[in-house]
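Q: Submitted below is the structure of interest, expressed as structure tokens.
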Amino acid sequence: MYDVKGHLHEVLDSLPQGVRLVAISKYHPNEYIEAAYAEGQRVFGESHEQELRQKHESLPKDIEWHFIGHLQTNKVKYIAPYVTMIQAVDSIRLLREINKQAERSGRVIKVLLELHIAEESTKYGLTLDACRELLEAGEWRQMQYVRICGLMMMASFVDDPDQIRREMQTARDFYDEVKAKYFDEDDAFCERSWGMSEDYPIALDTGSTMVRIGTAIFGPRVY
Ligand SMILES: *Cc1c(COP(=O)(O)O)cnc(C)c1O
């Protein structure tokens with residue numbers, strides 16, 4: 001089997017205190033997750049509802065599952081009973097649905113707002129202006145079953161580290177803006193989720209609190 005243990009510790013050793021690792025296990029089998037679990041890793045991220053459901057059912061119940069992919073509103077009900085955090089909220093519609101399904105499950109679900117900063121048109125997420133509008137409109141303040149814990153973004157998939165750094169710094173500056181304006185008194189709003197296998201060193205430089213790393217721990221994905 002792939003040396004999950006060794007790679008996991010390499011990644012963990014490179015993270016400063018206060019930065020959390022979400023081990024992105026999509027497309028990897030349960031035994032890989034179990035290998036990381038045996039080393040104490042408890043936070044895992046998945047991006048497909050069915051795959052997450054199967055893994056949640058068959059793996060230890062103290063795993064904290066984060067949904068990191070694009071989530072269709074009609075899938076929220078399947079993950080609401082157990083998911084800890086939904087990382088990529090990109091519309092008020094989705095936020096409403098999460099609130100509704102969380103209430104049905106008697107839970108509070110943590111969410112991040114996903115920013116679209118990358119130049120690629122394929123990436124999901126709210127533009128900075130759309131995110132400002134969503135927060136300014138204030139409907140989220142009435143939602144008792146979701147807790148907005150911060151922002152998430154993916155940098156462009158490019159080789160140019162300066163561009164990646166610029167995009168992450170934009171996210172960092174935007175975080176400071178909305179933290180001051182809407183969440184100053186809210187200690188739960190504290191997460192900046194950026195950084196993947198290829199770019200997480202830059203993410204650490206730009207104030208990431210939560211890195212989402214798959215390949216560097218589990219090896220290449222077989223689709
Ligand atoms: C797959 C994925 C990751 C992890 O990517 P790696 O390059 O394997 O580290 C991080 N974030 C999101 C949103 C993903 O879909």
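Q: Within the range 20-34, track down each residue that is crowded, with 18+ Cβ neighbours inside 10 Å and away from the ligand (no atom under 12 Å from the Cβ). Give the steps one after another, and end with the answer.
A: Within the range 20-34, the subset crowded, with 18+ Cβ neighbours inside 10 Å is 21-26, 28, 32-33.
Those that are crowded, with 18+ Cβ neighbours inside 10 Å and away from the ligand (no atom under 12 Å from the Cβ): Y32, I33.
Q: Among the residues of the range 124-156, count how many are touching a residue at least 40 places away in the same chain (Cβ under 8 Å) and more than 22 Å from H66 (Cα to Cα). Step through it out loud before you land on a result.
A: Here is the first cut: in the range 124-156, the residues touching a residue at least 40 places away in the same chain (Cβ under 8 Å) are 124, 128, 131-132, 134-135, 137, 139-140, 143-155.
This time we only want the ones that are more than 22 Å from H66 (Cα to Cα), so: 128, 132, 134-135, 137, 139.
Number of matching residues: 6.
Q: Another question, if that's okay. Does the range 127-149 include one or more residues that are buried (at least 19 other Cβ atoms within 10 Å of the Cβ) and within 14 Å of the ligand (Cβ to nearest atom)?
A: No - not one qualifying residue is present in the range 127-149.
Q: Tell me which residues, restricted to the range 187-201, are within 11 Å of the ligand (Cβ to nearest atom), farther than 27 Å from E34 by Cβ and out of contact with any Pro (no Cβ under 9 Å at 6 or more places or on another chain). Steps first, please.
A: In the first step, residues of the range 187-201 are kept if they are within 11 Å of the ligand (Cβ to nearest atom); the result is 193-200.
Imposing the further condition that a residue be farther than 27 Å from E34 by Cβ reduces the set to 194, 199.
Passing the criteria: only W194.
Q: What residue, of G214, G138, G195, is modelled with pLDDT of 95 or more and in contact with a His (Cβ under 9 Å, 6 or more places away or on another chain)? Let's see the steps before the verdict.
A: On the way: G138 fails: in contact with a His (Cβ under 9 Å, 6 or more places away or on another chain); G195 fails: in contact with a His (Cβ under 9 Å, 6 or more places away or on another chain).
Answer to the selection: G214.
Q: Another question, then. Where the second residue is outside any helix (DSSP H, G or I) and hydroxyl-bearing (S, T, Y) and the first is at negative phi and lies in the range 91-109, which pairs have Cβ atoms under 7 Å and are six or more apart or on separate chains?
A: Matching pairs, first to second residue: N99/Y145; A102/Y145; E103/Y145; R107/Y145; V108/Y145; I109/Y145.
Q: Here are some conditions: (1) within 13 Å of the ligand (Cβ to nearest atom); (2) within 16 Å of K110 (Cβ to Cβ); (3) part of a loop (DSSP other than H, G, I, E, B). F44 meets all but one. Which one does it not meet?
A: (3)
Q: I need the full set of residues from the range 202-223 which are surrounded by fewer than 21 Cβ atoms within 10 Å (Cβ to Cβ) and either within 8 Å of the ligand (Cβ to nearest atom) or free of Cβ contacts under 8 Å to residues at least 12 places away in the same chain (or both), in order please.
A: T215, A216, P220, R221
Q: Read through the list (1) surrounded by 13 or more Cβ atoms within 10 Å (Cβ to Cβ); (2) within 13 Å of the ligand (Cβ to nearest atom), then give the number of the only condition that R166 fails.
A: (2) is the only condition that R166 fails.
The values are calculated or read from the model by the stated rules, or taken from the named source; none is laboratory data. These numbers come from a predicted model, not from an experiment. No Cβ is skipped: glycine too gets one built from the backbone with ideal geometry, and neighbour counts run over all protein chains shown.
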